[in-house]
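See structure below.
The values are calculated or read from the model by the stated rules, or taken from the named source; none is laboratory data. Worth saying up front: this structure is predicted, and the values here are computed from it rather than measured. Virtual Cβ from ideal backbone geometry, glycine too; neighbours counted across all protein chains shown. These accessible areas exclude ligands, DNA and RNA; they are computed on the full protein's heavy atoms, side chains included. Shrake-Rupley method; radii C 1.70, N 1.55, O 1.52, S 1.80 Å.
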Amino acid sequence: MSDAPRLKHKYGTIDKEYGVHLATRPPEHDGPIYMVNLMKYHDIAQYTEDAGVDKPISGREADDRYNPASILAKIGATIVFVGDVISNREGDEDWDRIAIVRYATRKSFIDMQSRKDFSDKHVHKAAGMQRTIIVCCRPEDESLDQRGRPKSDDDRLVAMVVRRTSDRAAALREISGAVNLSAEGTIIGDGRKWDTVQFVPVSSREHLQSVVSSLPSYAAGEAFVMGVRASMDSITQG
């Protein structure tokens, strides 16, 4: 029997079939994968009594304690985007923060889940996160695979759209000037499978509103349309 730690959480449902696909991809058919994390926090982190946290903290503070950057560096993964959601289009579900990690391989993402150092940190994520969706993507422009970790003092506005669609090609053409990612699977979420993720850099709040206003009114539950203030961004800039 494996003695690997079992991660406990209530923030989403794992797509076990897709998880097997990630874990068993032959090396010759594996390679970089982008994990797009959409995060919604508890107002107050929900720690268990034995977690050793001596005072109440917010869900966001708990996620900051979780920050797995040191572990990601050990396995060759790179944080390529981090941003706070500053607007959710009216009628859409609301999110608080976006983070994207590029893993060198799909299997390395799965292997990380069984590391003890990751399990120790994951306690904070489990406490802080109300719900999350992780969409596993490949970029339309494969040169993104060669971009390094961005600087951490960016202050960029980005419009972000996550969609479910039966016509990915049409969806990706719909937004002019976007950086496009196509989803391979949704490893954690609420049962919905997402198909496209797009980013449009904007110059101001007014420009952001203009981009958002230009988009169609997607059916309820079929899209997230957000404004994000990015502190790290190698997705929309080289």
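Before moving on, here are some points about what is shown:
- Most mobile listed residue (77, 126, 69) in the chain, GNM with C-alpha springs under 10 Å: 69
- Residue among 154, 50, 195 with the largest mean-square fluctuation in a Gaussian network model of the chain, springs linking Cα atoms under 10 Å: 50
- If you take all other residues with their beta carbon under 12 Å from the beta carbon of residue 42, and give Lys and Arg +1 and Asp and Glu -1, the sum is +1.
- Taking only protein heavy atoms and a 1.4 Å probe, the accessible area of the chain is 48% carbon and sulfur.
- Förster radius 22 Å - calculated FRET efficiency between residue 117 and residue 28 (Cβ-Cβ, nearest 0.05): 0.15
- Reported to the nearest whole Å, the Cα centre-to-centre distance from segment 140-206 to segment 91-114 is 13.
- For segment 1-109, applying the loop criterion from DSSP together with a ceiling of 16 other beta carbons within 10 Å to the GluC sites (Glu not before Pro) yields 90, 93.
- Measuring only protein heavy atoms, the 1.4 Å probe finds residue 133 accessible over about 0 Å².
- Semi-axis lengths (Å, descending) of the ellipsoid that matches the C-alpha gyration tensor of the chain: 28, 22, 17
- q = 0.10, 0.13, 0.23 Å⁻¹: log10 I(q)/I(0) that the Debye formula gives for segment 92-210, counting C-alpha atoms only: -0.38, -0.65, -1.61
- Spread over its residues, the convex hull of the C-alpha atoms of segment 1-130 is 138 Å³ per residue.
- Using the Cβ-Cβ distance between residue 50 and residue 206 with R0 set to 45 Å, the FRET efficiency from 1/(1 + (r/R0)^6) comes to roughly 0.35.
- Student exercise, the chain dipole from Lys, Arg, Asp, Glu Cβ charges, in Debye to nearest 20: 360 debye
- Using a Gaussian network model of the chain in which every pair of alpha carbons under 10 angstrom is joined by a spring, one finds that among 193, 74, 107 the greatest mean-square fluctuation is at 74.
- Charge sum, other residues only, whose C-beta stays under 10 Å from residue 194's C-beta, Lys/Arg counted +1 and Asp/Glu -1: +2
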